[in-house]
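Asker: Structure incoming, see below.
Every number here is computed from the coordinates shown, using simple stated rules; none is lab data. Not measured: the values here are computed from a predicted model. Here the Cβ positions follow ideal geometry from the backbone for every residue, glycine too, while neighbour counts run over all protein chains shown.
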Amino acid sequence: MAAVLRAAGCVFAEDEARLLMAAADGPADLAAKVERRAGGLPLEHVVGWAEFMSLRIAVDERVFVPRRRTEFLVECGIALARARERAGALVVVDLCCGSGAIGVALAAHLDGAELHAADLDPAAVACARRNVPPAGGTVHEGDLFGALPEQLRGRIDVLAANVPYVPTADVALLPAEARDHEARIALDGGADGLDVLRRVAAGAGEWLAPGGGLLFEVSERQAATAVAVVRAAGLEPRVEEDDERGATVVTALRVPQAPRTPKAPRTS
Ligand SMILES: C[S@@+](CC[C@H](N)C(=O)[O-])C[C@H]1O[C@@H](n2cnc3c(N)ncnc32)[C@H](O)[C@@H]1O
């Protein structure tokens, strides 16, 4: 089996063979799974799950496979949440949630957090509903903030939004596993890749709690433009890099307003 996978271009053929054997329901199912994998379907879609932050996340076909580099975004979100000094449960939102991997991982590290996840793609929403409710969260379907319940407005502490950020012209250059097997809406971020981010940044200020933060991933070459986008939206950005995982994450804070000092009464 490993030889078939290797011939099909699977670099970690032995490891994949082991995972396929563990996932298969008998020899006929195993043969079908090997054929699908050798035919180019992502391993995670064949076995039905992905490992993310040491968790097993269900991933349905066509749904974006959570990337290992995105674990860095989760780590930045955990650091942001832990730095918040505030009473009561933290409110965590995973916008553009796909499978819901980010939200589930954040909830696993932030005891008692109130978790919401949302996506526009019904296939992603169905997949997230397999992962997020068991972690204590709720999944919503719709366009960006339009999917969220009103009661979250101004209350979100951690707003993770791994939006699609591949420039349209570069989608054709992605590896076939992504290009052919993940939904276009999960990948294509418009001309410079930042169209969805611009819409998220424009809405984030009114949904974030004072001191809360929006976190998103970009490529290294998009970082300067992304920083300008969130700054223009009134947020205070910080760029963090993880060279090992090739990840660039922007954390953009809603800076709490200084309390207004009442005007001194006029004496004359
Ligand atoms: C890059 S994938 C990230 C998925 C997941 N957060 C992860 O990291 O594994 C982007 C996701 O954004 C969703 N999406 C794209 N446009 C959207 C919109 N306007 N409103 C809500 N979700 C959207 C896609 O359906 C897709 O699931």
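Asker: Counting DSSP beta bridges in the chain, what percent are antiparallel, to the nearest 5?
Answerer: About 45 percent, rounded to the nearest 5.
Asker: Quick one: what are the phi-derived ³J(HN,Hα) couplings along the stretch 152-163, Karplus 6.51/-1.76/1.60 with θ = phi - 60°, whole Hz, x for glycine and proline?
Answerer: After applying 6.51 cos²θ - 1.76 cosθ + 1.60, I find 8, 4, x, 10, 7, 8, 10, 10, 8, 9, 7, 6 Hz.
Asker: What's the longest piece of the chain with no exposed GluC sites (Glu not before Pro), counting a site as exposed if DSSP puts it in a loop and it has at most 10 other beta carbons within 10 Å? Spell out each step's value before the answer.
Answerer: Numbers: sites that count: E85, E244.
My reading of the result: 86-243 is the longest stretch.
Asker: Sticking with this one: Between S54 and R84, what is the FRET efficiency for a Förster distance of 25 Å, r being their Cβ-Cβ separation, to the nearest 0.05? Kindly include the intermediate steps, with their values, before the conclusion.
Answerer: Values: r = 24 Å, r/R0 = 0.96.
For R0 = 25 Å, the calculated efficiency reads 0.55.
Asker: Right, another one. At 0.36 nm per residue, minus the direct Cα-Cα distance, what do R184 and D111 gain on full extension? Give it in nm, one decimal, please.
Answerer: 22.8 nm
Asker: Also, I was wondering about something else. Amide H to amide H under 5 Å from V166: which residues, 5+ apart in sequence or cross-chain, H placed 1.01 Å off N in plane?
Answerer: Amide H to amide H, under 5 Å and 5 or more residues apart or across chains, V166 pairs with G189.
Asker: Might you report the magnitude of the Cβ-based charge dipole of the chain about its Cα centre, with Lys and Arg at +1 and Asp and Glu at -1, to the nearest 20 debye?
Answerer: Using Cβ point charges on Lys, Arg, Asp and Glu, the chain gives about 1060 debye.
Asker: Starting from the amide H of G211, placed 1.01 Å from N in the peptide plane, find each other amide H under 5 Å away whose residue is 5 or more places distant or on another chain.
Answerer: Residues meeting the amide H criterion: R254, V255.
Asker: Taking 0.36 nm per residue of separation and subtracting the Cα-Cα distance, what length does fully extending A23 through E61 add?
Answerer: 12.1 nm
Asker: Would you mind classifying the stretch 39-154 by shape? Square roots of the alpha carbon gyration tensor eigenvalues, ordered a ≥ b ≥ c; an a/c under 1.5 is rounded, otherwise it is prolate if a/b is larger than b/c and oblate if not.
Answerer: Numbers: a/c = 2.25, a/b = 1.43, b/c = 1.58.
Note, shape of the stretch 39-154 comes out oblate.
Asker: Alpha carbon centre of the stretch 206-260 versus the stretch 1-61: separation in Å?
Answerer: After rounding, the separation between the Cα centres reads 36 Å.
Asker: Calculate, in nm to one decimal, what F12 and L41 gain on full extension: separation in residues at 0.36 nm each, minus their alpha carbon distance.
Answerer: Gain on stretching F12 to L41: 9.0 nm.
Asker: Still on this structure: Among L187, V218, P175, whose Cα projects farthest towards the positive end of the dipole of the stretch 133-221, with charges put on the beta-carbon of Lys, Arg (+1) and Asp, Glu (-1)?
Answerer: Going by the charge dipole, the pick is V218.
Asker: Shape of the chain from its Cα gyration tensor (a ≥ b ≥ c, root eigenvalues): rounded if a/c is under 1.5, otherwise prolate when a/b > b/c, or oblate?
Answerer: Judged from the Cα gyration tensor, the chain comes out prolate (a/c at least 1.5, a/b above b/c).
Asker: Got a sec? Charge dipole of the chain, +1 on Cβ for Lys and Arg, -1 for Asp and Glu; which of A2, L148, G98 is way out at the positive end?
Answerer: L148
Asker: Taking amide H positions as placed 1.01 Å from N in the peptide plane, with prolines and chain starts having none, which residues 5 or more places from W49, or on another chain, fall under 5 Å of its amide H?
Answerer: Residues meeting the amide H criterion: V59.
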